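The block underneath contains the structure these notes are about, expressed in structure tokens.
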Amino acid sequence: MAATRYRCTNCGNLTRFDVVTDRRTRAFHHYSVGGALSVEDEQVLSESVVEVTCRWCGHGRAVEVLADEPDGASADAG
Ligand SMILES: [Zn+2]
């Protein structure tokens, strides 16, 4: 799974972002007799990025998504 990369065109930051994500998951909630919960087998059903903020600038107005690198392993037929 390729991670999405970002760049802040305001300050050049490539590595520090606050990312707000809406994520829908399904998981097996396994309770003990005493009621203690352990969450197992969590699967991500859908995921969407709501907001990306540059840590240095404090806003996301200049953040852009980096395109896939052309020489990367892009032949992955998911
Ligand atoms: Zn920035």
Exercise. Could you list the chymotrypsin sites (Phe, Trp or Tyr not before Pro) in the range 1-64 that lie in coil according to DSSP, counting only those with at most 16 other Cβ atoms within 10 Å of their Cβ?
Key: Trp56
Exercise. Rounded to whole Å and ordered largest first, report the semi-axes of the equivalent ellipsoid of the chain derived from its Cα gyration tensor (root of 5λ).
Key: 34, 20, 9
Self-check item: Of Ala67, Ala27, Ala36, the one that fluctuates the most in a GNM where the chain has Cα springs shorter than 10 Å
Solution: Ala36
Quiz prompt | Per DSSP, loop trypsin sites (Lys or Arg not before Pro) in the range 1-32 with at most 15 further Cβ within 10 Å | solution = Arg5, Arg16
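Read-outs throughout are calculated quantities, based only on the coordinates presented, and are distinct from any laboratory measurement. Predicted, not measured: the structure shown is a model, and the values here were computed from it. Cβ atoms come from the backbone with ideal geometry, glycine included; neighbour counts cover every protein chain shown.
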